[in-house]
1. Using the crude model of +1 on Lys and Arg Cβ and -1 on Asp and Glu Cβ, and no other charge, please compute the dipole size for the stretch 20-84 relative to its Cα centre, in debye to 20.
2. Is there a pair in 45/91; 60/119; 91/119; 2/92; 60/117; 2/119 whose C-alpha atoms are over 22 Å apart, and which pairs would that be?
3. Would you compute, from DSSP H runs of 4+ residues alone, the mean residue ellipticity of the chain at 222 nm, taking -39500 (n - 2.57) per run and dividing by the full residue count, rounded to the nearest 500?
4. How big is the C-alpha Rg of the stretch 3-71 next to the rule-of-thumb value 2.2 N^0.38 Å, as a ratio?
5. Carbon and sulfur: what percent of the chain's accessible surface (1.4 Å probe)?
6. Using the alpha carbons of the stretch 67-123, what is the convex hull volume per residue in cubic angstrom, as a whole number?
7. State the answer as a single residue: which of 122, 56, 12 lies farthest towards the positive end of the charge dipole of the chain, with beta carbon charges of +1 for Lys and Arg and -1 for Asp and Glu, about the Cα centre.
8. Between 0 and 90 degrees, rounded to the nearest ten: what's the tilt of helix 25-39 against the longest Cα principal axis of the chain?
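The values are calculated or read from the model by the stated rules, or taken from the named source; none is laboratory data. Worth saying up front: this structure is predicted, and the values here are computed from it rather than measured. Ideal geometry is used to build each Cβ from the backbone, glycine not excepted, and the neighbour counts take in all protein chains shown. When the accessible area is computed, the model is the full protein with side chains, heavy atoms only, and any ligands, DNA or RNA have been set aside. Shrake-Rupley method; radii C 1.70, N 1.55, O 1.52, S 1.80 Å.
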Amino acid sequence: MKICFLDNSPIPYTANDLNSKLIRGGESAIIHLSNELSKLGNEVKVFNNNKNDCIIDNVKWFNLSNTHKNSVYDVAFTNNDIRLFDTIIAKKYVAFSHSIQTLEKFIRKGQLLSYLKYKPKIV
């Protein structure tokens, strides 16, 4: 399976930063999930605000500016910002939400149209 993670956190990170004091829960979850999904034989890419593209433990880490609609992913995950789905093409969309008022949050953060367009599973 081709899987991608999209995260616009201002913290530049890769799997090498797992034990950094800058890494919070969302970033840590992406690092662990991407590593474990890669170990299962999936092709995994993470697009975030890291400075240098690299490959760590078979996971490809890219800057968000490198997303494009040439690749089609089986599953795309986003960390809190559904609008990031506009930058890629996927068969299934999943959004990590750190709020118990998910729909209200999407309205408040200007993500309602993206929510309606992509109809992601909310985790």
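1. 200 debye
2. Details: 45/91 15 Å; 60/119 26 Å; 91/119 11 Å; 2/92 11 Å; 60/117 27 Å; 2/119 19 Å.
Violating the 22 Å limit, Cα to Cα: 60/119; 60/117.
3. Using -39500 (n - 2.57) per qualifying helix, the result is -7000 deg cm²/dmol.
4. Ratio of Cα Rg to 2.2 N^0.38 Å: 1.01.
5. Here it works out to 54 percent.
6. Per-residue hull volume (Cα only) is 67 Å³.
7. Farthest towards the positive pole: 122.
8. Roughly 60 degrees between the two axes.
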